[in-house]
Each structure stands twice: as structure tokens, then as C-alpha cells.
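Since every read-out is calculated from the coordinates, none of them should be taken as a lab result. In this text, all values refer to a predicted model and were calculated from it rather than measured experimentally. With ideal geometry, Cβ positions are generated from the backbone for all residues, glycine too; neighbour counts draw on all protein chains shown.
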Amino acid sequence: MFRKILLTSIAVIACLSIVVGCAPQAAPAAAPAATTAPAAAPAKKTYTIAIIHQQEGNPYFAVEQPGVEDAAKELGDTVIFKGPASMDVNAQVELVDSLIAQKVDAIGLDALDPDALVPVAQKAMKAGIKVFSWDSSLAPAGRLVHFDAASPEDVGRTEVQMMAKMINYEGQIAILSAGSTNLNSNLWNKWSEEELKDPKYSKMTLVKTVYGDDDYQKGYNLTQALLKEFPNLKGIIGPTTVGIATASKYIKDAGLVGKVFTSGLGLPSEMKEYIKLGICKEMALWSPIDQGYGTVYIAHGLLTGEITPKAGETLNAGRLGKLPVVDTGSGNLVIYQGKPMIFDQSNIDKWAAIF
Amino acid sequence: MKISTAKNTLGQRLITLLANFREIVIIVFTLVLILVVSLRTDTFLTVRNFQDILLDISIVSIVAMGEMIVMITGGIDISIGSGLALSAMIVGVTLKNHPDTPVILAVFLGIGVGIILGAFNGFAVTMMKVPPIIATLGTYSFFRGLVFLVSGGVWIAAHQIPDAFKNFTLQPIAGIPFLVILAVINTLAFFVFMKYTRFGRQIYAVGGNEVAAKLAGIRTNFVKFMTYTISGALFGAAGAFWLSRYSIAANNTAGDMHLQAITACVIGGVSVAVGGVGNVVGVILGAFLFGIINNAINLIGISEFWKEALYGVAILVAVIVDVTITQRLQKMKTERKGE
Amino acid sequence: MKTSYLTYKKPFSISSFFLRWEWILVGLIIIASLVLTFLSPHFLDAVNLFDMTFNFMERGFLTLTMMFLIISGSMDFSIASIAALSSAILGKVYLATGSIWIGLLAGLLTGLVAGVVNGLIVTRFNIPAFVATLGTLALYRGIAWIILENIAITNLPQEFTFFGQGYIPGTIIPIPLVFYLILLIPCALILHRSTFGRYTFAIGGNKEVCRYSGIKINRILLTIFIASGLMAALAGAFMSARFASIRADIATGMELDVVIAVVLGGVSINGGVGTLPGVVLSLFLLGIVRFGMNLINIPAQQQIIVTGLLLIVSVYIPQVINRLTIRKTI
């Protein structure tokens, strides 16, 4: 039996050494992607850019894809647009790892957790890859810049403002949020709570915040639970397209139209029915297509050196115009896509056809 | 350990009672729970709330029947959640591309898909002789991956599903949502099936003593194959119902359905230690009990983070109690014989 | 020559040595490597390949004890949950005491206790292992959720994360890989060279005979479950170090991968058969295939199609091969 172990280990080591021995020559010769130059490379190159979202299959990210592809075509770059199978932080880390192995030029990350992805992001940066975050931010230590659709303060405050109008500034409300460690939704919620401190909302109370993990069924059940625990609940804010859609559906199914309202960030195509029914009178979002579009331009800008990034610089972002790099304090560099768009009965049909 | 010489101690009588009337024990437990919860909150004991509970457990009760017959024959099926998701996705994609498909056809499509998936499980267990735990663990992944393949990576959302289909499960007939009626019909059908049909008896026989059943002329492989296929038909149908109720077909749909079904079965008396034990009433009571627990958790406002631990405790307690009773029974029987 | 069964030594023959599952695995590794080299230029890169091992070393640790469990005819589905729970305790104790090493100790202790509970449920109460550990899977994971809720503990000290992310100074050899290789030695010795290992095979082979032979089945099973719990805690610690964050949902679903790796490694699910080299080879085979599929950007969702089928096939094929080749038991 010892003989067997010995022979097997020799075989394994032999295999591994053949593999490892072949390694160094193979990689540089056959690599199709242009290698990143450390400083600005003015010559026109085709960059390989990876845009990582949060979840494969989620309609929000699916809708972004045309924007990403448009930008790639305009810039002449290759884009890999993917995400983990579920909102699993470890899976996202593994994804970034495999991109480092593929030696991409830039990675744009919609971080499922602002801290857990920092080690792998730093590993990528050490390997010469430009790393930035979008939608949900990485801690500043892990990225060069963050691309936000709109300022968290704008989003959070607007959500409360919309909800307040619907329920006449009076009543109990709850928040059905996304993943519990999702930085962007948590930031929005923080600003929503800030907005609620204003005296004009004194008759409104936020009773609970629940986390639906962007899962329709979980959100549906959580909405049901909320309405059972707080029978007088008047409104649910969903700072996630899945949350607002599934909460609205429950309200419709339970026959509570006109008694409970929803607002938040919704995809027009999903929310059209509920806006028409009056469950949600107003909701906000931005163009996910443009968001996808913008990420590729930012990646390209980082790679060509157009932005270092430094506060005060401007990025030429194709059809999005010129976007400035802003320092929101203590070195946190952000680029904003714009302000939230409001959707209501008047424009829902038009936008539902687009996204 | 001292063996009691008295023939009918209270303990022994209690054990016999428990073993024979497990359902009563569950009912008593359920009533106590209802009492406790309704003292805690007044939104519990309402018609509205109980309607919601029934609606919530409808889908679980349907797949739990399938799980029950599989477990009675000594197997287990972990793939029901993934199979449900796959069926929901296939029906969803079909409805998205052909919105005027009649509802009944869509449901039959779901059942058909489920039958194929269940048959695959059955084939793996009976023909390839792969142990059920491994076969269904494999299909748990395999079916889940197929969901992605079928969907092309994109979920089916509510606005892509025709209204007729979305509404049919919640359609009230005589005030009761259609889905609940379907679940009740299914339960009754299984009750009759298990108790009064020959095939139902054969399932118990195969579970109780496979060798004896085979010697008695029962085609054991066929019986076992059919249990998986029937389970498949059930979770296939459940997939269509799920799509209608929640209006979503996604990759992570119904991730822990198997846990819920197994919990219902185990609480309801389906024995994992010996085959051939378990009945419809017990399983439905188990599903109901768990539905109440879930509902109560929401009402009282216990953190959702306690749910999973509760499943674990429920399974463990139910299984331990079950096995302990079985063993004591055996011991009592051998004691009696020796006298 | 004596014909006593106990002293009969099988004569060594080329065919009997090579017609074995382990060689099929070696062949598969070579084939997979060739295919992947062709499909992606980044595959045959020393740094990449060593880095690849980071992703499956935790699974590797778990396969070592799962192997003992399955060979003895048992099973432990709760290992991933134990990993999560012990990490949760590790994190909480670290936050409370400020020392990551006390936290680590607490985590390992949790794994030990969890293993004891598993073992007792299976041996004392005679609950079939797969149901018992299905229950504890939910229970332990649930407790992890209760402890951490939806908070992630981050800011773990560098000297701790070094173990999960670092390399041997000056080389590209990852630390977890080193730990794994070191652990292989005692595992090999215990499984294939000690009485304990022999009893493990025996229990898996025929439990009743063991009972009559006076082998202390319960004690051995309990020991294996405890080891499994401890190893799960260790794996959890490495995972926390690697991700530099502790959450309640780490390692979800990992038990499936571990079972696949062990069964694919030639360990019969019915017990009594299996070798350590087989498990090591299958771990690397699966790791290489997964890494390769990521390199060519096959979505994780499609990868699990392969994983699921692989599990079924890996149990089915041995039965077919059993009739054609020789399977070593000890």
C-alpha cells in the first residue's frame, strides 16, 4: 500500500510539474488582451473591461446590458458583463479572482459587501488592473473611484418625499430593502431616515426595515409579515426594484389597493401595472441602460489616463456628456450619473417600453 | 437498566398511545400553540389570518405528499425545490413567448416537466442503483443549473406573465382561493390513494420490508420508480402554481422547499428509521403546524433570522422522538414475547 | 504458501495496479488540463494555478474528514453550517476580547461541540446520519444567523488574514495549500495505516460483524464526527481569513461540493471502500475544472449542471467499473 501511495504521488507530482513547467512561456505569448501599460497609453488599444454586477438573472442588471454593449462598441473595447449566480459575496470574490487570472485591464464592481471585496480588489490593483465600483460602493481602500447613479442623499430623501405625498404625511411606513450588507441601499435608507427627522414628517413613523435580499418570494412573504405585524401600515418603501415590485404585488393580491402604498426605486416595465392601479403613485430610478453605458466609459477613462482619478477632473462619457469627479470628503472620489428620474402615471407607458 | 416487570406501566401505555395516535399529539400541540400565540397577539385568531396560513401552506402540502410517498419507501427527495423552480421557469418562458396559452395547458406543461424530472430521479435510484440521497443531491444541483439554461440567465417577471395565469391561483371560489381548493383536493386524493388503492398499499409494503414485498410478487423497482415520478408530477404542478402565485420565475426560487417538505413529513410521523410508516393526515398536520409556526413568527415579530434554526430543531426533535418511541415499542414487544 | 486469508498477500501485477479509479482521475486531470490550456491562455500560468488552490482548500480540509465519515458508512451534511457557526463565534469572541486567537480557539471549540452533538444524535439516538445532519445543518446555520443577523464582521487583523490569503514568504505557494498538504500526512497514516482506520473501513463494510467482533462502533463514529466538526471549524476560520469578513451565509452549499469530491474520489457511498489519494486527486480535478470554467466565463449556474451530474455519475460509474476492475479497500 505504501508503494501505491508512492507511485500515485510521483504521478501527481509529475503531472503538476509538467503543467507548471510549461506555464511561464505560454501566458505572455498567447494572451489576446492588450497588457496594461502602467502610465497613460495614448495609442488606440482594445481594452478588456470586466463589469461585474450583483446577480445573474436580476432584471435590473439584464436591462443594463444593452447600455454596456453600446459603450463597448463606441469605444472599441471588449467587455465581459457578468455576475454571480446569487447575491453571494463569496461567489463574487471568486469571480473577481478569475478575472485577475484572465488578466483583464479594468474591473468595475457592483459590490455585494463594501468590505469583504476589498482584499480581492486590492489584489487586482496590485496586479495592475484598474478597479472601480459602481452602484453599490466598495470601501475607498478598494477602488479608484465610485460611479453612483445619483447621490445617496438625493435618492434617500426623494423616496421619503414621494411616499409622504402618497399617504398625506401621516401614518406608519416600513422599508423593504435589498441585501443586508448592500452598501447603496443601506446608504439610501440612512438618508431616508434623515429626511424623516424633518418636522413636516412628524406624523409618520418608520416602524421596521426588513431585508428581502432581492428575492421576490422572500420579499413577498416579508411584506405579508409586515402587514400582519403592523395592520395599520400605510406605506412600504422599496429601495430595490425587486422589493417595490413584490410588495406592490402582495398589496394587489391581498386586496389592499388604496389602503397601502408603495414607493421607492422601481423598473418601469415591472411597475407599470401597479402604477396604473394606484398602488404606487410615484417612484424613482435612473436609466440602468445609461448606468451600464457609463461604467464602460469610466473604465476606459481610467485606462487611457483621462482620469487619474482626481477631484476636479472631468470624464467625457459619450452620450452622457461630461461627468466631473467629485470628492465627497476624506478622499472618497465619486462620479455621479445624474439625478433620480421620477416615474408616475404620466410617463410610465413611455418608459415601460424602454426598460 | 432495570427492565420493568409490570406489564402495563404508565410509561408503556403512554408510548403505545403516542405511537398509535401520533396525529392526536400533533393536534394537541397545535392547539396549545394556537392558544399561546393568540394570547400574545390579537391578529392571529382571525379568519383572514387563517386563510393566509392555508394559502401559504398549499404549495408545501402538495409537494409534501410527494415527499411522503418517497420517504415511506425508504428514499428521500432533496431535489423538489430545484425541480419546482425548473418547472416554473419552463412554464414561465412558455407563457412569455406564447401569452395566449390556456391556463390549464400551462399547468399540464408544468406537470409534464415534473414527471420527466421525477422519472429521472426514479431512474437514477432504481436502474442506476444510486442511493436516493446522492441521486437527489445531484439532481438538486442539476435541475437548478438547468433553470439558468432555460431562462437564458434572465428571470421571468410579473409583467411578462399573462393576467389570466397570474390570477388563477388566487381566484376565490366560494370565498376560498383556488390554490387552497387544489391543495385540499390533492390531499383527499392521496388519502384515498394511500389507504384504499392497491398501489397505495404496495407503497407501504415496499417501505416496510422490501424483500418480503418482492417475494410477495410486488414489483418493488416499479413502485419506487413511480414514487419519484409522482413526486415529480407534484412538484411540477407546484412550479406552475408558484409561478402564478408569486409571478416570478428565478434561479433561486424555492431553495429550501425540500427542508419544509421533509420537516412536514417527519413531524407528521413518516419514519426515517423504518420504512413503511407515515400517513397523509400526519403529514398535512405537520405542514399545518409548521405553517402556524411560520405565521406566528411573523405576527409576533420574532426576527426572521430564527426561522432556519427552528426548522432544524423541529426536524431533530421530531426525528428523535420518533426513533425513541419506535425503539421503546420494539423493546416492549420483545419483552412481551419473552414472557 | 499459507492460504490463510489473513496472511495472503496479493501478488503485484501491472494490470491490478493500473486498473484503478485513481488512475482514471489522473487521466481526467490531464485531459481537463489539456482542454483548458487550449481554451484559455491564462490557464497554464504558475501563479494562476497556485492561486487557484485558494478557492478549494477549505473544501479540501472538509474532504479529509468527510472521507472518514463516508467510508464508515455515515455522512455529515452539517459541515458547512458548522463552518459558518464557528466563524460567527470566532468573530463575536474576537470583537468581545480583542484577540483573534482567543476567537479562533472559541471557534474550534464550537466545531468540537457541534461535532459531539452530531455524533451523539447519530450514535445515542440511532437517527440515520443523513437526516440527523440535515437537521443540524439547519440548526447550526440558523444559530449562525441568530448570532450575526445580517451584520458582517470585518476588519480582521492582518496576522489572521495572512493565513487565508498569504503565501510562504518569497514564494507563490499559498499558505492554505501548505496546511492542506501537511494535514494529508496524518490523515493518510490514520486511514490506511492505523487500527482506527482499519476499524473505519470495517464499520462501513459490515456494521453487524463489527458489533459482534467487539469493535466499539459508537466510540469510533463519535470520534469521526468530532473530527469533522473540528475540521469544519478550521475550514470556517480559513474562509474568514481569506475573505477578511465573517458573515452568516458563508460556505452555503459547500457540503454538496465536499460530498461530490469525496465520492468522485473513489469512496463508495455505501461505505467500506476508498483511498486518500483518490480524494486528493478528485479535489484537484474538480478545482481545476471549476477554475477553468471560470476562466472561460461559464456562468456559475451552468457549472452546477456539471456538478450535479458529476455526482450521480461518480456514484454510478464505480458500480459499473467494480465489475470490471479491482477496487482497493485497505
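Shielding of peptide A:56-63 by partners, expressed as the average count of other chain Cβ atoms within 10 Å per residue Cβ, is 6. Remark: spin-label model distance A:K165-A:S202 equals 2.4 nm, labels positioned 7 Å along the Cα→Cβ axis. Under the criterion of Cα pairs below 8 Å and six or more residues apart, the relative contact order for region A:46-189 equals 21 percent.
What number comes out for the charge environment of B:I300, summing +1 per Lys or Arg and -1 per Asp or Glu over other residues with Cβ under 10 Å away? Walk me through the intermediate numbers first.
Numbers: positive: A:K228, B:R40; negative: A:E229.
So the surrounding residues net to +1.
Between C:V47 and B:F222, what's the calculated FRET efficiency when r is the beta-carbon distance and R0 is 56 Å? Round to 0.05.
Details: r = 56 Å, r/R0 = 0.99.
With a Förster radius of 56 Å, E is 0.50.
Per-residue ellipticity at 222 nm computed for chain A from its helices equals -14000 deg cm²/dmol, with DSSP H segments shorter than 4 residues left out and the rest contributing -39,500 (n - 2.57).
Would you mind classifying region C:161-236 by shape? Square roots of the alpha carbon gyration tensor eigenvalues, ordered a ≥ b ≥ c; an a/c under 1.5 is rounded, otherwise it is prolate if a/b is larger than b/c and oblate if not. Prolate. With respect to chain A, whose longest principal axis is taken over its alpha-carbon atoms, helix A:241-253 is tilted by about 40°.
When the dipole is taken about the Cα centre of the protein assembly as shown, and only Lys, Arg (+1) and Asp, Glu (-1) are charged at their Cβ, what size is it in debye, to the nearest 20? Kindly include the intermediate steps, with their values, before the conclusion.
Details: 75 positive and 63 negative charges, 874 e Å.
Roughly 4200 debye, rounded to the nearest 20.
For region A:298-355, with only Lys/Arg (+1) and Asp/Glu (-1) charged at the beta-carbon, what is the dipole magnitude about the Cα centre, in debye rounded to 20?
Numbers: 5 positive and 5 negative charges, 19 e Å.
In debye, rounded to 20, region A:298-355 gives about 100.
Spacing of the modelled spin labels on A:T314 and B:A174, each 7 Å from Cα toward Cβ, amounts to 7.3 nm. I want to make sure I understand the PRE zone here: with the label point 7 angstrom from the Cα of A:K190 toward its beta carbon, which residues in region C:144-165 have backbone N atoms less than 20 Å away? Hits in region C:144-165 for A:K190 at 20 Å: C:149-156.
Loop only by DSSP, 12 or fewer other Cβ within 10 Å of the Cβ. Give me the chymotrypsin sites (Phe, Trp or Tyr not before Pro) in region A:42-82 that pass, ordered by residue number.
Values: sites: A:Y47, A:Y60, A:F61, A:F81; in loops: A:Y47.
Listed in order of number, the matching sites amount to none.
Only one residue of B:N252, B:N121, B:V319 has its Cα farthest out toward the positive end of the dipole of chain B, where Lys and Arg carry +1 and Asp and Glu -1 on Cβ, and that residue is B:V319. Only aspartates and glutamates eight or more places from A:K276 in sequence, or on another chain, were considered; those with a Cα closer than 20 Å are A:E159, A:D253, A:D344, A:D349, B:D163. B:R201 to B:A273: FRET efficiency via 1/(1 + (r/R0)^6), r the Cβ-Cβ distance, R0 22 Å, to the nearest 0.05? According to the calculation, E is roughly 0.55.
I'd like the mean, over residues of C:232-243, of how many other protein chain beta carbons sit within 10 Å of each residue's own Cβ.
Details: counts 0, 0, 0, 0, 0, 0, 0, 1, 0, 1, 4, 10.
Mean partner shielding for this stretch: 1.
Step through the table entries A:K234/A:K272; B:K129/B:K307; A:K82/A:K228; A:K249/B:K195, compare each Cα-Cα distance with 29 Å, and write down the pairs that go over it.
In this structure, B:K129/B:K307; A:K82/A:K228; A:K249/B:K195 exceed 29 Å between Cα atoms.
Taking every DSSP helix (H) stretch of at least 4 residues in chain C, weighting each as -39,500 (n - 2.57) and dividing the sum by the residue count yields a mean residue ellipticity at 222 nm of -24500 deg cm²/dmol.
Once each part is reduced to its C-alpha centroid, what is the distance from region C:101-147 to region C:60-81 in angstrom? If you average the Cα positions of each part, the centres end up 13 Å apart. Among B:E335, A:E282, the order by Cβ neighbours within 10 angstrom, fewest to most, reads B:E335, A:E282.
To the nearest 10 degrees, how steep is helix B:22-40 against the longest Cα principal axis of chain B, on a 0 to 90 scale? Helix B:22-40 sits at roughly 60 degrees to that axis.
Relative to the longest principal axis of the Cα atoms of chain A, the long axis of helix A:268-277 makes an angle of roughly 10 degrees. Per-residue extension of 0.36 nm, minus the Cα-Cα distance of B:V25 and B:F123, leaves a gain of 31.5 nm for this segment. Rounded to the nearest 20, the Cβ-based charge dipole of chain B about its Cα centre (Lys and Arg +1, Asp and Glu -1) stands at 1200 debye. Could you tell me which of rounded, prolate or oblate describes chain C, using a ≥ b ≥ c as the square roots of the eigenvalues of the alpha-carbon gyration tensor, with rounded for a/c under 1.5 and, failing that, prolate when a/b is larger than b/c and oblate otherwise? In terms of gyration-tensor shape, oblate. Ranking C:T171, C:V117, C:Y212 by Cα position along the charge dipole of region C:44-313, where only Lys, Arg, Asp and Glu carry charges on their C-beta atoms, puts C:Y212 farthest toward the positive end.
If packing is taken as the mean number of other Cβ atoms within 10 Å per residue, what is the order of A:326-336, A:104-114, highest first?
On the way: A:326-336: 15.4, A:104-114: 26.4.
So the order, starting with the most tightly packed, is A:104-114, A:326-336.
Annotation for region A:273-347 versus region A:57-116: alpha-carbon center distance of 17 Å. Each helix, a run of at least 4 DSSP H residues, gives -39500 (n - 2.57); summed and divided by the residues of chain B, these come to -25000 deg cm²/dmol at 222 nm.
Each other residue within a Cβ distance under 15 Å of B:V192 adds +1 if Lys or Arg and -1 if Asp or Glu, for a net charge of +3.
An oblate overall shape is assigned to the protein assembly as shown, the ratio a/c of its alpha-carbon gyration tensor axes (a ≥ b ≥ c) being 1.5 or greater and a/b not exceeding b/c.
Peptide A:88-96 has a mean shielding of 5, counted as Cβ atoms of other protein chains within 10 Å of each residue's Cβ. Of A:P340, A:P59, A:P231, the residue with the greatest mean-square motion in the GNM of chain A, using alpha carbon springs below 10 Å, is A:P231. When each of the peptides B:314-325, A:153-164, C:293-304 is scored by how many other beta carbons lie within 10 Å of its residues on average, the order from highest to lowest is A:153-164, B:314-325, C:293-304.
How big is the Rg/Rh ratio for region B:10-331, C-alpha atoms only, Rh by Kirkwood, two decimals?
Working: Rg = 19.7 Å, Rh = 20.2 Å.
My calculation puts Rg/Rh at 0.98.
Spin-label pair C:L105-C:F162: with each label point 7 Å from Cα along the Cα-Cβ axis, the two points sit 2.0 nm from one another.
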